[in-house]
Amino acid sequence: MKKTAYTQIANPEFATPSLIRRFAAMVYDTLLLAAVSILYGAIATGINIAVKGAPATGERVSWGAFGIIVFIGWILTLVYFFCYFWKKSGQTLGMKTWRMKMYDANSMQLPSYSQCAIRCCCAPFSLLLFGIGYWIMYLSPERQTLHDKLSRTRILLQEKAKK
């Protein structure tokens with residue numbers, strides 16, 4: 001019998017990924033976010049130099065009031081990275097590597113954009129106080145983290161691909 005997301009829910013203790021697996025995927029995605037951040041910084045710096053001109057030799061690029069806009073743009077770029085992949089396939093590359101997929105907790109379909117955005121906003125708070133938002137998954141019968149509960153999503157472990 002082939003397992004689906006619905007049959008995996010029948011035994012959530014084994015259907016949900018462990019904390020170690022979640023953190024491993026997070027490390028993988030952090031490497032990807034570093035690359036995205038470098039690209040974003042290069043583009044923002046290029047635009048700054050095109051608008052203001054190149055700084056004198058040995059001087060740093062001056063951002064002025066433009067700096068806060070660049071920072072907000074960077075945060076939005078990181079949020080877009082997650083929302084795009086979660087909405088498109090339910091998983092980032094790190095999640096795919098570690099065989100995890102995100103679903104709407106009620107319909108077991110891919111999450112909506114609003115669920116993805118809520119998850120992006122809440123997930124950093126789950127890391128506060130030594131990751132307490134993640135550790136509460138062991139107190140939840142559905143093994144959901146704080147940001148899973150707040151965004152009404154759940155992460156399920158996928159079957160190994162047969163070779």
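Rule-based calculations on the coordinates, nothing more; no lab input. Note that this is a predicted model, so its numbers are computed, not measured. All Cβ positions, glycine included, derive from the backbone under ideal geometry; neighbour counts span all protein chains shown.
Observations on the model:
- Tensor-based shape of the range 56-130 (alpha-carbon gyration tensor, a/c under 1.5 rounded, otherwise prolate or oblate): prolate
- In the range 20-82, one over the average inverse separation of all distinct C-alpha pairs is 13.4 Å, which is the Kirkwood hydrodynamic radius.
- In terms of distances greater than 18 angstrom between alpha carbons, the cross-link table entries LYS87/LYS160; LYS88/LYS160; LYS96/LYS162 yield LYS87/LYS160; LYS88/LYS160.
- Computed from the Cβ-Cβ distance with R0 of 30 Å, the FRET efficiency linking ILE132 to TYR80 stands at 0.65.
- Mean projected area of the convex hull spanned by the Cα atoms of the chain, taken over all viewing directions: 12.7 nm².
- Dimensions of the range 104-163 based on its C-alpha atoms, expressed as ranges along the principal axes with the largest first, amount to 41, 25, 21 Å.
- Among 77-88, 55-66, the order from most to least packed when residues are scored by Cβ within 10 Å on average: 77-88, 55-66
- Within-10-Å neighbourhood charge of THR153 [Cβ basis; K, R +1; D, E -1]: +2
- Applying 1/(1 + (r/R0)^6) with R0 = 45 Å to the Cβ-Cβ distance of LYS88 and VAL51 gives a FRET efficiency near 0.85.
- Look at the alpha carbon pairs under 8 Å that are at least 6 residues apart: their mean separation over the length of the chain gives a relative contact order of 28 percent.
- Across the range 121-133, rounded Karplus estimates of 3J(HN,Hα) from the backbone phi angles (6.51 cos²θ - 1.76 cosθ + 1.60, θ = phi - 60°) give 6, 8, 4, x, 6, 5, 7, 5, 6, 6, x, 4, x Hz, Gly and Pro being marked x.
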